[in-house]
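The values are calculated or read from the model by the stated rules, or taken from the named source; none is laboratory data. The structure displayed is predicted, hence computed values, not measured ones. Cβ: placed from backbone, ideal geometry, glycine included. Neighbour counts: every protein chain shown. Protein only, heavy atoms only, side chains kept; ligands, DNA and RNA dropped before computing areas. Shrake-Rupley method; radii C 1.70, N 1.55, O 1.52, S 1.80 Å.
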Amino acid sequence: MARKWISSIVVISAGGKVDTTIHATCKQKWGPFMKQVNTTFPLSCLILLLCLILPASAAAGMDREEAPDEVFLNSFSDVAVAFDHQLHVSYAACVECHHHTTGDTPSDPVCNSCHRSGGEADSVACRDCHARDRFGHDYLSKLNTTTRYHIDIPGLKGAYHLSCMRCHEAIGTGPTACGDCHPARKIQGPVRK
Amino acid sequence: MKLRVNRRTFLGSMVSAAASLFVGQTAENASAHDFTGYESSKGVLVDLSRCVGCRSCEAACNKEQGLPEPEIGFDDLSIFKQTGPDGKRRPDDKAYTVVNAYDPPLLDHPLFRKIQCNHCLEPACLTACFVNAYTKTPEGAVVYNADVCVGCRTCMIACPFSIPAFRYSSAFHPRIMKCIFCYDSRLSKNLPPACVEACPMEALTFGDRKTLLRIARNRLREHPGRYVQHIYGEFEAGGTSWLYLSPVPFADAGFDMHVPNQPIINYVKDFLAVVPMVLTIWPGLFAGFYLLSRRSGKAAIQPPQPEDSSDENTGR
């Protein structure tokens with residue numbers, strides 16, 4: 001996996017599309033993915049170093065080719081769920097999952113009424129908007145504001161399941177049963193930490 | 001909402017109810033109030049379009065409330081084919097919540113629905129209970145106190161959703177068993193109930209009831225094709241803390257659409273206001289009538305003074 005990441009970075013540099021804005025947002029943008037693949041500290045340093053020494057030149061938007069190949073979703077369990085990102089990139093538009101944070105303008109007219117010209121967000125990782133701690137005080141108080149429009153953002157776990165399963169059911173393909181994604185499914189009460 | 005009744009308020013309400021009858025007003029006017037729930041009342045929004053029938057909520061509830069282990073495990077989805085006396089499973093003394101599968105004609109896949117206490121804003125169980133075993137807490141939970149319960153089971157009849165169940169199996173500790181919104185262990189600490197936390201699809205959303213209504217309206221507005229335009233529980237039974245959104249007409253998902261929009265207590269308020277009057281005034285009133293009639297009757301049947309006494313007086 002680590003080699004895959006280094007090669008991704010190298011692809012960016014070879015494409016000559018990295019500039020100072022990428023440098024600035026590099027850590028924000030790729031950081032969450034790095035966390036998701038559980039890279040060790042020295043490896044993170046190495047990638048960061050690679051980012052810094054890469055030549056500066058072009059656009060800020062993330063291209064499809066730049067997207068990660070595979071993402072391991074391990075925020076909730078040590079047994080990660082492997083997500084073939086490249087497979088999804090090949091037939092779905094970025095905005096279908098990433099809403100308005102990357103790719104073109106959203107297809108949903110409701111979203112488009114505000115996010116048409118929003119442009120690329122600093123971060124495209126799910127966990128940056130969908131909180132892991134769904135019922136944490138910070139998240140609840142953020143949502144429970146009378147002046148806020150988005151009072152209904154599901155937590156990270158809800159976002160994963162809703163996003164994956166709704167689409168898989170709609171298109172009639174892709175895993176929908178628990179065991180299809182979770183290797184050893186075990187129903188148990190909520191874990192309180 | 002009558003939460004605590006002490007001697008003074010009880011007598012006061014009796015006197016006022018009796019007085020109101022005497023001055024010719026209806027009892028409803030005398031005790032008119034529109035209770036729309038506690039300000040900070042919590043609730044849960046159930047989105048049926050999201051539920052996938054994994055039964056995680058059932059498992060979490062079982063664990064949190066220390067209920068007995070079920071005969072059929074929580075990962076056994078064949079339970080959806082199981083039928084109870086009413087066709088579908090119902091919450092009972094071994095399970096405060098159950099998930100049932102429905103086959104609405106508008107969908108090509110089953111629709112799952114979780115059943116538990118809806119925690120009404122003006123609970124019928126509470127108003128039916130004559131020993132005040134039920135309490136509606138400011139957080140929104142309807143909780144039950146087994147220590148004062150006499151086991152009359154009136155609450156089971158009163159509940160429009162048939163939720164309270166009786167633990168017949170225990171000869172020495174019989175009691176009502178129902179969902180208490182995880183009040184003791186969670187809600188009182190401002191934590192979501194176990195079922196909500198366990199739901200992987202976020203079909204259950206926990207929050208202030210007012211916020212949940214806003215969220216529900218948002219969803220109805222943003223996805224008009226995904227739902228029928230109705231929030232079940234907003235007004236049903238006078239409003240419930242648990243609210244529902246459904247992709248099909250609620251009747252197709254097994255909801256009782258005959259539940260009235262006002263609290264059940266409203267249907268018996270007039271009658272109940274008469275009860276104290278009957279208990280306090282009627283005994284005296286009718287005892288008085290009886291004594292009066294007895295007295296006048298006695299007077300009426302009193303034998304007349306014998307005529308021949310005058311003859312005696314004549315000294316004949």
Can you name the number of the only condition in (1) out of contact with any Leu (no Cβ under 6 Å at 6 or more places or on another chain); (2) part of a loop (DSSP other than H, G, I, E, B) that A:Gln86 fails? (2)
Of the residues in the range B:52-90, those that are modelled with pLDDT under 95, in contact with a Lys or Arg (Cβ under 7 Å, 6 or more places away or on another chain) and under 30 Å from B:Asn261 (Cα atoms) come to B:Gly84
Residue in the range B:195-205 that is farthest from the other protein chains (Cβ to nearest Cβ), counting only those that are open to solvent by less than 20 Å² (accessible area, probe 1.4 Å) and in contact with a Lys or Arg (Cβ under 7 Å, 6 or more places away or on another chain): B:Ala203
Residues (surrounded by fewer than 20 Cβ atoms within 10 Å (Cβ to Cβ), assigned to a loop (DSSP other than H, G, I, E, B) and not polar (S, T, N, Q)) located in the range B:151-179: B:Gly151, B:Cys152, B:Arg153, B:Arg167, B:Tyr168, B:Ala171, B:Phe172, B:His173, B:Pro174, B:Arg175
Could you pull out the residue among B:Leu45, B:Leu67 that is under 19 Å from B:Val142 (Cβ atoms), part of a strand (DSSP E or B) and of a type in the set (A, V, I, L, M, F, W, C)? B:Leu45
Collect the residues in the range A:154-175 that are of a type outside the set (A, V, I, L, M), in contact (Cβ under 8 Å) with a residue 24 or more places away in the chain and within 11 Å of chain B (Cβ to nearest Cβ), keeping them in residue-number order. A:Pro154, A:Gly155, A:Lys157, A:Gly158, A:Tyr160, A:Ser163
Can you report the number of residues in the range A:109-151 which are in a loop (DSSP other than H, G, I, E, B), open to solvent by 50 Å² or more (accessible area, probe 1.4 Å) and basic (Lys, Arg)? 3
Out of the range B:165-194, which residues are in contact with a Phe, Trp or Tyr (Cβ under 9 Å, 6 or more places away or on another chain) and either within 9 Å of chain A (Cβ to nearest Cβ) or free of Cβ contacts under 8 Å to residues at least 40 places away in the same chain (or both)? B:Pro174, B:Arg175, B:Leu191, B:Pro192
